[in-house]
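*Asks:* Got a structure for you, written out below as structure tokens; questions coming shortly.
The values are calculated or read from the model by the stated rules, or taken from the named source; none is laboratory data. Only a predicted model underlies this, so the values are computations on that prediction, with no experimental measurement involved. Counting neighbours? That spans all protein chains shown, and the Cβs are built from the backbone with ideal geometry, glycine included.
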Amino acid sequence: MKLATFNINGIKARIDALPRWLADAKPDVVCLQEIKSQDDAFPREMFEDMGYHVETHGQKGFNGVAILSRLPLEDVTRGLPGDAADEQARWIEATVMAARPIRICGLYLPNGNPAPGPKYDYKLAWMARMEDRIRALLILEEPFVCLGDYNVIPQAMDAAKPAAWTEDALYLPDTRAAFRRMLNLGLTDAFRAREQGPGHYSFWDYQAGAWERNNGIRIDHLLLSPQAADLLVEARIDREVRAGDKPSDHVPVWVELAA
DNA sequence: ATGGCTAGGCTCCCTAGA
């Protein structure tokens with residue numbers, strides 16, 4: 001099963017590029033972030049016609065996550081538990097009914113800039129809630145994957161110019177520590193389980209010729225539960241998507257699971 | 001390189017992104 005994450009930076013703006021990538025890459029399941037659309041404005045028929053089940057958790061203008069799946073989805077839930085007052089659409093869960101069912105959590109983790117400040121406080125609180133959710137899922141001892149735009153640069157090797165990020169919410173010590181706490185619960189960064197070393201990025205800014213200069217960062221991740229990590233076959237970044245027509249500033253990252 | 005693009009909406013400027 002090919003399972004991907006892709007921050008599309010607006011479904012309306014990616015109405016050509018997303019179907020093009022789907023037809024080319026043929027993922028079985030895709031978690032989308034930043035659909036920037038309400039549920040009733042999401043072009044679900046377009047993806048249903050391509051053979052996908054569609055589940056959205058949208059919001060007007062900003063944020064918004066969705067799942068496209070060729071396999072049936074069950075037990076869909078929306079919103080990250082732990083704060084009833086949080087109205088930002090950043091989390092959606094479902095069980096993919098593969099031969100071996102897999103729980104997936106599609107996430108758009110808050111950016112957090114400027115830091116320090118209320119936006120950074122929200123980011124850290126959100127990460128603490130996510131850690132609680134992971135702990136609850138781990139108790140079940142079943143395969144699950146948390147995939148999406150984490151807005152976390154885990155290590156210096158995950159940025160072309162790490163010195164430029166030292167004061168940034170994506171790379172501050174508290175951010176990386178919160179990410180590391182998730183890994184330390186027993187989750188596996190799928191990409192790093194298959195590829196070591198610098199030079200692997202999933203985001204290039206639209207500004208300042210970042211793509212042309214390969215000034216990127218790796219912030220889109222798939223974290224695997226121990227039972228999911230046992231199924232890992234392959235993990236890759238589709239970097240060439242960034243060179244296409246009207247690209248998102250992120251590219252897809254995916255895994256192949258033996259499920 | 002001093003935020004230099006891009007997207008969306010309460011659109012001809014503002015916020016937000018990373």
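*Asks:* Could you list all residues from the range A:1-59 that are farther than 18 Å from A:Glu93 by Cα, in contact with a helix residue (DSSP H, G or I) (Cβ under 7 Å, 6 or more places away or on another chain) and part of a loop (DSSP other than H, G, I, E, B)?
*Replies:* Of everything in the range A:1-59, those that are farther than 18 Å from A:Glu93 by Cα, in contact with a helix residue (DSSP H, G or I) (Cβ under 7 Å, 6 or more places away or on another chain) and part of a loop (DSSP other than H, G, I, E, B) turn out to be A:Ile8, A:Met50.
*Asks:* On to the next question. A:Val152 versus (1) assigned to a loop (DSSP other than H, G, I, E, B); (2) touching a strand residue (DSSP E or B) at 6+ places or on another chain (Cβ under 7 Å): which is the lone unmet condition?
*Replies:* (2)
*Asks:* Please state which of the following conditions A:Pro81 fails to meet, knowing it meets all the rest: (1) surrounded by fewer than 15 Cβ atoms within 10 Å (Cβ to Cβ); (2) out of contact with any Lys or Arg (no Cβ under 9 Å at 6 or more places or on another chain); (3) at pLDDT 95 or above.
*Replies:* That leaves (2) as the condition not met.
*Asks:* If you scan the range A:93-143, which residues turn out to be closer than 19 Å to A:Leu3 by Cα and charged (D, E, K, R)?
*Replies:* A:Glu93, A:Arg100, A:Arg103, A:Glu142
*Asks:* Among the listed residues A:Pro19, A:Pro27, identify the single one that is under 29 Å from A:Ala259 (Cα atoms) and over 16 Å from the mean Cα position of the chain (by Cα).
*Replies:* A:Pro19
*Asks:* So, restricting to strands (runs of 3 or more DSSP E) that lie completely within the range A:158-259, which ones have at least 2 residues that are surrounded by fewer than 19 Cβ atoms within 10 Å (Cβ to Cβ) and within 12 Å of DNA strand B (Cβ to nearest atom)?
*Replies:* Correct list: empty, since no element meets the threshold.
*Asks:* Is there a residue in the range A:111-123 that is at negative phi, touching a Lys or Arg at 6+ places or on another chain (Cβ under 6 Å) and either more than 16 Å from DNA strand B (Cβ to nearest atom) or not aromatic (Phe, Trp, Tyr) (or both)?
*Replies:* Checked the range A:111-123: no residue is at negative phi, touching a Lys or Arg at 6+ places or on another chain (Cβ under 6 Å) and either more than 16 Å from DNA strand B (Cβ to nearest atom) or not aromatic (Phe, Trp, Tyr) (or both).
*Asks:* Scan the range A:87-128 for residues that are surrounded by 15 or more Cβ atoms within 10 Å (Cβ to Cβ), among the charged types (D, E, K, R) and part of a loop (DSSP other than H, G, I, E, B) and report the count.
*Replies:* Going through the range A:87-128 one residue at a time, the tally reaches 2.
*Asks:* Answer yes if at least one residue in the range A:129-143 is surrounded by fewer than 15 Cβ atoms within 10 Å (Cβ to Cβ) and within 15 Å of DNA strand B (Cβ to nearest atom), and no otherwise.
*Replies:* Checked against the condition, which is being surrounded by fewer than 15 Cβ atoms within 10 Å (Cβ to Cβ) and within 15 Å of DNA strand B (Cβ to nearest atom), the range A:129-143 yields no hits at all.
*Asks:* Hey, another quick one. Please determine whether any residue of the range A:4-18 is of a type in the set (Gly, Ala, Ser) and surrounded by fewer than 14 Cβ atoms within 10 Å (Cβ to Cβ).
*Replies:* No, because not a single residue in the range A:4-18 is of a type in the set (Gly, Ala, Ser) and surrounded by fewer than 14 Cβ atoms within 10 Å (Cβ to Cβ).
*Asks:* Given (1) within 12 Å of A:Tyr108 (Cα to Cα); (2) loosely packed, with under 14 Cβ neighbours inside 10 Å, where does A:His57 come up short, assuming only one miss?
*Replies:* Condition (2) is where A:His57 drops out.
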